[in-house]
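The values are calculated or read from the model by the stated rules, or taken from the named source; none is laboratory data. The structure presented is a predicted model; accordingly, all values stated were derived computationally and were not measured. A quick note on method: Cβ atoms are made from the backbone with ideal geometry, for glycine too, and the neighbour counts reach across all protein chains shown.
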Amino acid sequence: MNQDIEKYYRILLARESERLAVEGQAAVQKLEIVLGRTGKSGSGVFELGLLGVFCDWNVKRPTLAILECFEAACTALKVEPTQSDYDEIQKIAEELLERGDEGARRWAGDRAARKGIPGDYASPVQQVVGRTRSELRRIVELRKIEVTSRSRLRIPENRDAVLSRISQVNSHSKRVLGYRLFVTTEHRVLVDLGRTPSSEEELATCVQALGIFLAQIDQERLSDELSAAGRAVPPGSMNRLGEVLKLRGIRGDSAIQTLRDLARLRSLYPAHPDSTDAIAAAERLGIPRNPSSTVDTWCCVLDILVRALDELCVALVGAK
């Protein structure tokens, strides 16, 4: 999950959890007073009524609040959530639900023991937990369908955005460096960049195309410039580009690191036994190793590529 999103949603969740705790306690106390006036205080029916309100405020609402706060954070930061994000949020919410289940049973059991009121208080709690879990999973499943649908539409748009950014990078590099950074890209590679992968094999094809695409930098010109300046020529197109930018005093470290990490994904899809660097790169990029949706994953990769190329454009524009 995006670190900014995680930090933001946890702040929202802490505030919401505090509100639910305070208002939940007030709701239970209010109902206790109301039911007490009916003369049913101390009965099993009275306790079940209180238990229902307690479960609503301490089991159901806090569980669904995790999802609500996550989506509020995505909206506030203008970040598109992924299927993997929703899988992670669902896991966190269900863990909280289990703790809520235990807490509600303990609360009901303690009250029953204090007041000497026998009864089955576990079943009502189980029912609330079951309904809440079903509602959570239903919402998450719907959101994941929405994410995939949006990703399918965005992949061609992102591919076109990548080509647009490449044109801009070449324009700025021609002015600053004296030559175009990216050379002509093969048509097959462009087709694969815009592919909507429906399987891990197709995702691997897309990622391989990305690696080829990123390698199509004018490495000969970069090498010549480094050699002329008496600098060592490192292996790898992104390493050479990074060294040339440093030589020119251009601050493009962040963009180069992202592009380098994207290129390393070639060793991750399909998985390679010696893919330690690729795994670390995927973690830095926030790309899942075992994606729940290949479409969503590829769309996310293209999003990152567009942002990295934007950063590179900004670095070149700011060069003297």
Checklist entry - Is at least one residue of region 53-68 over 22 Å from Ala27 (Cβ atoms), free of Cβ contacts under 8 Å to residues at least 40 places away in the same chain, assigned to a helix (DSSP H, G or I) and more than 14 Å from the chain's Cα centre (by Cα)? => result no
Checklist entry - Somewhere in region 226-248, is a residue at negative phi, assigned by TED's automatic domain parsing to the domain that holds Asp303, surrounded by fewer than 16 Cβ atoms within 10 Å (Cβ to Cβ) and among the acidic types (Asp, Glu)? => result no
Checklist entry - How many of the residues making up region 179-215 are farther than 17 Å from Ser167 by Cα, hydrophobic (A, V, I, L, M, F, W, C) and touching a Lys or Arg at 6+ places or on another chain (Cβ under 8 Å)? => result 3
Checklist entry - Looking only at region 1-30, which residues are more than 17 Å from the chain's Cα centre (by Cα), charged (D, E, K, R) and within 22 Å of Glu88 (Cβ to Cβ)? => result Arg15, Glu16
Checklist entry - How many residues does region 153-182 hold that are surrounded by 14 or more Cβ atoms within 10 Å (Cβ to Cβ) and either outside any helix (DSSP H, G or I) or touching a residue at least 60 places away in the same chain (Cβ under 8 Å) (or both)? => result 18
Item to check | The listed residue being modelled with pLDDT of 85 or more, touching a Pro at 6+ places or on another chain (Cβ under 9 Å) and either surrounded by fewer than 16 Cβ atoms within 10 Å (Cβ to Cβ) or outside the structural domain of Ser167 (by TED's automatic domain parsing) (or both), out of Glu220, Glu201 | outcome: Glu201
Checklist entry - Which one of Gly242, Gly230 is over 19 Å from Ala282 (Cβ atoms) and not in a helix (DSSP H, G or I)? => result Gly230
Checklist entry - Does any residue in region 100-125 that is in a helix (DSSP H, G or I) come within less than 8 Å, Cβ to Cβ, of a residue that is among the aromatic types (Phe, Trp, Tyr) six or more places away or on a different chain, and which pairs are these? => result Ala104/Phe54; Arg105/Tyr121; Trp107/Phe54; Ala108/Phe54; Ala108/Tyr121; Gly109/Tyr121; Ala112/Tyr121
Next on the checklist: Condition first: over 30 Å from Arg307 (Cα atoms) and of a type in the set (Phe, Trp, Tyr). Can you find one or more residues in region 51-73 that meet it?
Outcome noted: yes
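May I ask you to verify whether Thr297 is out of contact with any helix residue (DSSP H, G or I) (no Cβ under 6 Å at 6 or more places or on another chain), crowded, with 19+ Cβ neighbours inside 10 Å and at pLDDT 85 or above?
yes
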Checklist entry - Taking Leu193, is it touching a strand residue (DSSP E or B) at 6+ places or on another chain (Cβ under 6 Å), aliphatic (A, V, I, L, M) and either at pLDDT 90 or above or surrounded by 20 or more Cβ atoms within 10 Å (Cβ to Cβ) (or both)? => result no
Item to check | Number of the condition not met by Ala93 [criteria: (1) under 18 Å from the mean Cα position of the chain (by Cα); (2) not in a helix (DSSP H, G or I)] | outcome: (2)
Checklist entry - Would you say Arg114 is at pLDDT 95 or above and surrounded by fewer than 18 Cβ atoms within 10 Å (Cβ to Cβ)? => result no
Checklist entry - With respect to the numbered conditions (1) surrounded by fewer than 19 Cβ atoms within 10 Å (Cβ to Cβ); (2) among the hydrophobic types (A, V, I, L, M, F, W, C); (3) over 17 Å from Leu20 (Cβ atoms), which one is the sole condition not fulfilled by Trp107? => result (3)
Next on the checklist: I'm told Arg307 meets every condition in (1) modelled with pLDDT under 85; (2) farther than 17 Å from Arg150 by Cα except one. Can you identify the failing condition by its number?
Outcome noted: (1)
Next on the checklist: Restricting to region 300-320, and then to whatever is in contact with a helix residue (DSSP H, G or I) (Cβ under 9 Å, 6 or more places away or on another chain) and not aliphatic (A, V, I, L, M), can you tell me which residue is nearest to Lys246 (Cα to Cα)?
Outcome noted: Lys320
